[in-house]
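Below is one structure, written out as structure tokens; comments come after it.
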Amino acid sequence: VAPNARIAALDVFSGGTASSSDILSAINWCIANRATYNIVAINMSLGGGRYYNAISPTDSVGLALQNARNAGIATVVASGNEAYTDSIAWPAAYNNVVSVGAVYDSAFGSIGYGGCSDATTAADKVTCFSNSASFLSMLAPGASINAGAIAMSGTSQAAPHVAGAVAVLAAAHPAENTNTRIGRLAQGVAVTDTRNGISKPRLDLAEAVAIADPGPEPDHGDCATTNCSESYGGWRIGLGLR
């Protein structure tokens, strides 16, 4: 997605779990080092819990994510792999992040995941494991993704596609702010999740890059007051993409 991007990999796990304090420290590190490493996106492929509505950023992690956004860093979070069709995991449920569900990359027959199975697969079909809700931001390829000679499936594979896309958009349109970049991501082809009838844009990076420059827009920052529309799995890390 972004082959020339550089990655700051921040390991927030100890013994297979990630504490909120370590997650918070990683987010704050990205903010503090934004200018040094030109960080434009944080990828969070981790989380848990079940949220039926978007969460306002009033706790320490949510406020840190808002600070990141205010600083020009878009946070992209995997929605979770529990097959929920009316809810998503934390921290994807924050209303100031880009939450990402998974679609298939292509057709490769039937497949089972333990908790669910798909009798058929096809490009742009939402995977059975992908958490979804009305406030999910978007979709991206998450099954089956081949990288480093390993094939894996999950919303933790979908989210990095979007984080990488933010890095590409930052390079292609360096004068634009974070809100405008996120707006470009929302212009992908609409895909309907047949499990719940909810339609969301699927990442189309070529289209996002090609959209005409809308001109300068103030970066309002606080989604709680500006009604931002942007709004898993044992994660890996927070990634700052350059």
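Points worth noting:
- Inspection of segment 21-43 finds a residue satisfying the criterion of being among the hydroxyl-bearing types (Ser, Thr, Tyr) and within 21 Å of Val166 (Cβ to Cβ).
- Listed by position, the strands (runs of 3 or more DSSP E) enclosed by segment 1-74 that each have at least 1 residues that are over 16 Å from the mean Cα position of the chain (by Cα) and of a type in the set (A, V, I, L, M, F, W, C) are 7-10.
- Apart from one condition, Ala71 fits all of (1) crowded, with 20+ Cβ neighbours inside 10 Å; (2) within 24 Å of Val168 (Cβ to Cβ); (3) not polar (S, T, N, Q); the exception is (1).
- A search for C-beta distances below 7 Å between a residue of segment 191-211 that is in a strand (DSSP E or B) and any residue that is among the acidic types (Asp, Glu), counting only pairs 6+ apart in sequence or on different chains, returns Val191/Asp124; Arg202/Asp124.
- Considered as a group, the residues in segment 93-133 that are surrounded by 14 or more Cβ atoms within 10 Å (Cβ to Cβ) and of a type in the set (S, T, N, Q) include one that is farthest from Gly183 (Cα to Cα), and that residue is Thr121.
- Selection within segment 118-135 - under 15 Å from Thr155 (Cα atoms) and of a type outside the set (A, V, I, L, M, F, W, C): Asp124, Lys125, Thr127, Ser130, Asn131, Ser132
- In segment 159-202, residue surrounded by the fewest Cβ atoms within 10 Å (Cβ to Cβ) [restricted to those that are more than 24 Å from Ala71 (Cα to Cα) and in contact with a Gly (Cβ under 9 Å, 6 or more places away or on another chain)]: Pro201
- For Tyr232, the conditions (1) out of contact with any Gly (no Cβ under 8 Å at 6 or more places or on another chain); (2) at pLDDT below 95; (3) part of a loop (DSSP other than H, G, I, E, B) all hold with the exception of (1).
- Of all residues in segment 21-32, those that are polar (S, T, N, Q) have Cβ atoms under 9 Å from Cβ atoms of residues that are in a helix (DSSP H, G or I) and modelled with pLDDT of 95 or more, 6 or more apart or on another chain, in Ser21/Ser60; Asn28/Ala64; Asn28/Asn67; Asn28/Ala68.
- Residues satisfying the stated conditions in segment 145-154, i.e. over 19 Å from Ala9 (Cβ atoms) and within 17 Å of the chain's Cα centre (by Cα): Ser153
- Residue count for segment 184-212, restricted to those that are under 15 Å from the mean Cα position of the chain (by Cα) and aliphatic (A, V, I, L, M): 4.
- In segment 145-153, the condition of being in a loop (DSSP other than H, G, I, E, B) and at pLDDT 95 or above is met by at least one residue.
- Condition check for Ala89 on (1) among the hydrophobic types (A, V, I, L, M, F, W, C); (2) part of a loop (DSSP other than H, G, I, E, B); (3) open to solvent by less than 50 Å² (accessible area, probe 1.4 Å); (4) more than 23 Å from Ile39 (Cβ to Cβ): one failure, at (2).
The values are calculated or read from the model by the stated rules, or taken from the named source; none is laboratory data. Everything quoted here is computed from the prediction, not taken from an experiment. Cβ coordinates were reconstructed from backbone atoms using ideal geometry, including for glycine residues, and neighbour counts include every protein chain displayed. Accessible surface areas use protein heavy atoms only, side chains included; no ligands, DNA or RNA. Shrake-Rupley method; radii C 1.70, N 1.55, O 1.52, S 1.80 Å.
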